[in-house]
Amino acid sequence: MQTKLKAAKAEKETELNKLAAQWEKKEKSRAAESKVKVDSLHKKVRELEAHPAAAAVPVRGKADVGDAKTQKQVTALTEQLQGQKRENKELQGRITQLQDDIKKAKSEGGVDLKEQKKQEKIMKELSKKLDMETKKADRDGAKVKELETECAALVKERDSKELEVRKLKADIEQLGVTAAQALELGEKVQTLEAEVKTLNKESVKLTEAYNAERVQRKKYFNMVEDMKGKIRVYCRARPMSSTELQRGNFSVLKSPDEYSLNVNTTRGLKEFNFDRVFMPENTQEQVFEDTYHLVQSAVDGYNVCIFAYGQTGSGKTFTMIGDQSNNHPGIAPRAFKRIFEVIDENKEKFDFKVTSYMVELYNDKLLDLYAGKDSVADEKMEIKKDKNGLVFVRGSQVKEASSEEALFKLFEVGSSNRHTASTKMNAESSRSHLILSVIIEATNRTNGQVNRGKLSLVDLAGSERVGKTGATAETLKEANSINKSLAALGDVISALSSEQQFIPYRNNKLTLLMQDSLGGNAKTLMFVNISPADYNADETVTSLTYASRVKLITNDAQKNSDNKEIARLKALVAKLKAGEAVDEDAD
């Protein structure tokens, strides 16, 4: 029994010694490896911390964050390894103690079996714990390797950033001078911009002053031309119609100022200048404001003519007469009102008599509109001129009017007898030329002098293109007559504007009726009415060119007045011609 105990004891001692030696060798090897790795990591960390380039990077990048993370992990592993060293040292101490106990038991000659089992149990626990620590150390070693790899990558990235920083520093140094120059140039640019703004403001002021001066110059030029007797020409553009807008037409007109008009055509921009330009936004009131002074001239004894010319559907009748409901009265109704306003202002100094006749030229025939629709062309009506050059129609009915209302009523009666028809260009197209003459006789109560003025209001029929108006049968005949008379009027205007010696007034009744207004003794105002639509651009340019020629014509306006004796003799002659009895002793 003793022998077996000794053999078992010896076997256990051998096994224990062998195990202890292996563990100690393995532990020393691992401790040494861990120490080398940790020292290496410490060295690398110190290099990273001490490197000056890291502080030079102005923005923390990915590498900086990685360095801090790696350092933290290395520190934690180092602390773990130190703890393991302490534990291993403690285990080593216990193993040494056990070995000492075994030696002591040997020297004492015997070992208690129970104590031996206890020691074996402790040895097993220590061995198990040693294995666990060994595995843990292996895991830590793997982590250390990963950290080394990551640290190498961070070092590489750090080196790359250092190179980038050096390049940036070089660029900054190189750009230093350029930045200073750019700053200087920026200040100069600001100064120049301020100067440009000032110049722009001055330019705007100069432009406005120039335009104002140009408009004023045109105004004075027109006044001088008017004093010379030049025919005044006003241009008026109607608004776009609803049909034109639905059809997709657009306006080709633009007015830079109140005296100029530009027309965009397929052949380029056409520029025209007139005594006044009225665009679609101008009202009937504004049109008459520049016209009413001519009414005063008629009352003062001058021959005055206002006529409208233009393409069919361009707004001539609206300008001269107004709309059917009289919500927007034209030149004629406003002139009637102005005549009697002037008469009322001067009734204490003068005795006034207002008469009128109203005719139309239809298919080259004169018709008396006061005679009614059923009347035929009066062959007895003749176009004559008195000794003062005033044109009148002999044989036409002359009606007297004592008030604005009476004169307007006569005008309405005559207008209702005028020939009109519907065409593609105009729902109510005038098919004749309308001539209304208002004769104003003013007798001075002090000296008996008689002033005899005439205001002729002429609404010409519009020039037509059969392809656009769709005229057929009777309307085609009317269109041909209208165009023929307007062509004759064009010949007269051309001859007058080019200062020819022979003026072909007798080529048409229309030119005979207007001979005292064109190149005669009248103060004449022409309205050229135009369409703004692009599809009428050719007709618009033709009308404007026509009107520009009229603007070159000069009239010799003279006041028509007779003294008391001449006026008395004229009255006697008129009575004798009428077959009335004459009192020779009468004054």
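The values are calculated or read from the model by the stated rules, or taken from the named source; none is laboratory data. Because the structure is predicted, anything quoted here is derived from the model rather than measured. With ideal geometry, Cβ positions are generated from the backbone for all residues, glycine too; neighbour counts draw on all protein chains shown. Remember, those area values only see protein heavy atoms, side chains included, never the ligands or the DNA or RNA. Shrake-Rupley method; radii C 1.70, N 1.55, O 1.52, S 1.80 Å.
Worth a mention:
- Residue among Ser531, Ser517, Ser548 that is modelled with pLDDT of 65 or more, more than 25 Å from Ile383 (Cβ to Cβ) and either among the aromatic types (Phe, Trp, Tyr) or open to solvent by less than 20 Å² (accessible area, probe 1.4 Å) (or both): Ser531
- Listed by position, the strands (runs of 3 or more DSSP E) contained in the stretch 255-314 that have at least 1 residues being under 14 Å from Arg238 (Cβ atoms) and open to solvent by less than 20 Å² (accessible area, probe 1.4 Å) are 260-265, 276-278, 303-310.
- Filtering the stretch 227-254 to residues that are in a loop (DSSP other than H, G, I, E, B) and either touching a Phe, Trp or Tyr at 6+ places or on another chain (Cβ under 6 Å) or open to solvent by 20 Å² or more (accessible area, probe 1.4 Å) (or both) leaves Arg238, Pro239, Met240, Ser241, Arg247, Gly248, Asn249, Phe250.
- Taken over the stretch 350-371, the criterion of being modelled with pLDDT of 90 or more and open to solvent by 30 Å² or more (accessible area, probe 1.4 Å) is satisfied by Phe350, Asp351, Phe352, Lys353.
- Some residue of the stretch 492-512 being touching an Asp or Glu at 6+ places or on another chain (Cβ under 8 Å) and open to solvent by 30 Å² or more (accessible area, probe 1.4 Å): yes
- Leading residue by the ranking (most open to solvent (accessible area, probe 1.4 Å)) among those in the stretch 99-132 that are at pLDDT 75 or above and acidic (Asp, Glu): Glu125
- Any hit, the stretch 273-281, residues being touching a helix residue (DSSP H, G or I) at 6+ places or on another chain (Cβ under 9 Å), over 22 Å from Val550 (Cβ atoms) and among the aromatic types (Phe, Trp, Tyr): no
- Any hit, the stretch 170-181, residues being over 30 Å from Thr554 (Cα atoms), at pLDDT 85 or above and open to solvent by 100 Å² or more (accessible area, probe 1.4 Å): no
- For first residues located in the stretch 513-524 and more than 22 Å from Ser396 (Cα to Cα) and in contact (Cβ under 8 Å) with a residue 60 or more places away in the chain, partners that are of a type in the set (Lys, Arg) and open to solvent by less than 20 Å² (accessible area, probe 1.4 Å) and lie 6+ apart or on another chain with Cβ distances below 9 Å do not occur.
- Scope the stretch 324-345; condition closer than 22 Å to Ala237 by Cβ, open to solvent by 40 Å² or more (accessible area, probe 1.4 Å) and either in contact (Cβ under 8 Å) with a residue 60 or more places away in the chain or out of contact with any helix residue (DSSP H, G or I) (no Cβ under 7 Å at 6 or more places or on another chain) (or both); matching residues: Gln324, Asn327
- Val541 satisfies every condition listed in (1) closer than 15 Å to Leu489 by Cα; (2) modelled with pLDDT of 90 or more; (3) of a type in the set (Val, Ile, Thr) except (1).
- Selection count where residues are of a type in the set (Phe, Trp, Tyr) and in a helix (DSSP H, G or I), scope the stretch 488-516: 1
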